[in-house]
Every structure is written in structure tokens, then in C-alpha cells.
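**Student:** Below you will find the structure I want to go over with you.
The values are calculated or read from the model by the stated rules, or taken from the named source; none is laboratory data. Source: prediction; values computed, not measured. Cβ placement follows ideal geometry from the backbone for every residue including glycine, while neighbour counts extend to all protein chains displayed. Keep in mind that these areas ignore ligands, DNA and RNA; they rest on the heavy atoms of the full protein, side chains included. Shrake-Rupley method; radii C 1.70, N 1.55, O 1.52, S 1.80 Å.
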Amino acid sequence: MLSIVRRGILGGTFDPPHFAHLVAGEAAYRDLGLDVVTFIPAGAPWQKAGREVSVAPHRLEMTRLAVA
């Protein structure tokens, strides 16, 4: 039998991830009674079209380090 997991998903460019991203994830975790919050860096952020953005693998690693 699978257990129910209340998961929040927080997406963004995360270039770089910063304290406000972590605060938003923590607030959702607490206020919504989540079991986990998953941070997902955007692959090709449309909001940043025409602007320089770090490559996706670097943003993913920065995000992993920030939430650790």
C-alpha cells in the first residue's frame, strides 16, 4: 500500500538560489503541513529570455547545495 505524501513544488530560475527561496519553501512546508518541498530549477526559463542565465546543471547543483 502506498502512503500519501503531501509534496510542495517550488520552481524558479534559481540563478542563484537565495535566502528568499528557502524562506518561501519553509513557509509552504509549515503553513500547508507538507511532508516535503521539492525545488525544481527551470530548464529554459521563459521569463529570462534574452538574458544570460547559468547553464541548467550549474543551477541544479547550486539549488541542491542551498537546500542541503
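**Student:** Filter the range 12-38 for residues that are of a type in the set (Gly, Ala, Ser) and modelled with pLDDT of 95 or more and give the result. Step through it out loud before you land on a result.
**Tutor:** Filtering the range 12-38 down to residues of a type in the set (Gly, Ala, Ser) leaves 12, 20, 24-25, 27-28, 33.
Ala20, Ala24, Gly25, Ala27, Ala28, Gly33, listed by residue number.
**Student:** Out of the residues in the range 39-58 meeting the condition of being under 16 Å from Pro17 (Cβ atoms) and part of a helix (DSSP H, G or I), tell me which one is modelled with the lowest pLDDT. Write out each step before concluding.
**Tutor:** Of the residues in the range 39-58, the ones under 16 Å from Pro17 (Cβ atoms) are 39-43, 45, 47-48, 53-58.
Then keep just the ones that are part of a helix (DSSP H, G or I); that gives 47-48, 56-58.
Details: Gln47: 79, Lys48: 82, Ala56: 89, Pro57: 93, His58: 95.
Out of the qualifying residues, it is Gln47.
**Student:** Moving on to the next point. Can you tell me which residue in the range 20-68 is nearest to Leu10 (Cα to Cα), limited to those that are among the hydroxyl-bearing types (Ser, Thr, Tyr) and open to solvent by less than 90 Å² (accessible area, probe 1.4 Å)?
**Tutor:** Thr38
**Student:** Go through the range 15-47 and report how many residues are touching a Leu at 6+ places or on another chain (Cβ under 9 Å), of a type in the set (A, V, I, L, M, F, W, C) and farther than 17 Å from Glu61 by Cα.
**Tutor:** So the answer is 2.
**Student:** Taking the range 7-19 on its own, how many of its residues are open to solvent by 40 Å² or more (accessible area, probe 1.4 Å) and in a strand (DSSP E or B)? Talk me through it step by step, then tell me what you get.
**Tutor:** So in the range 7-19, the residues open to solvent by 40 Å² or more (accessible area, probe 1.4 Å) come out as 7, 9-11, 15-16, 18-19.
Still in the running and in a strand (DSSP E or B): 7, 9-11.
Of the residues in the range 7-19, 4 are open to solvent by 40 Å² or more (accessible area, probe 1.4 Å) and in a strand (DSSP E or B).
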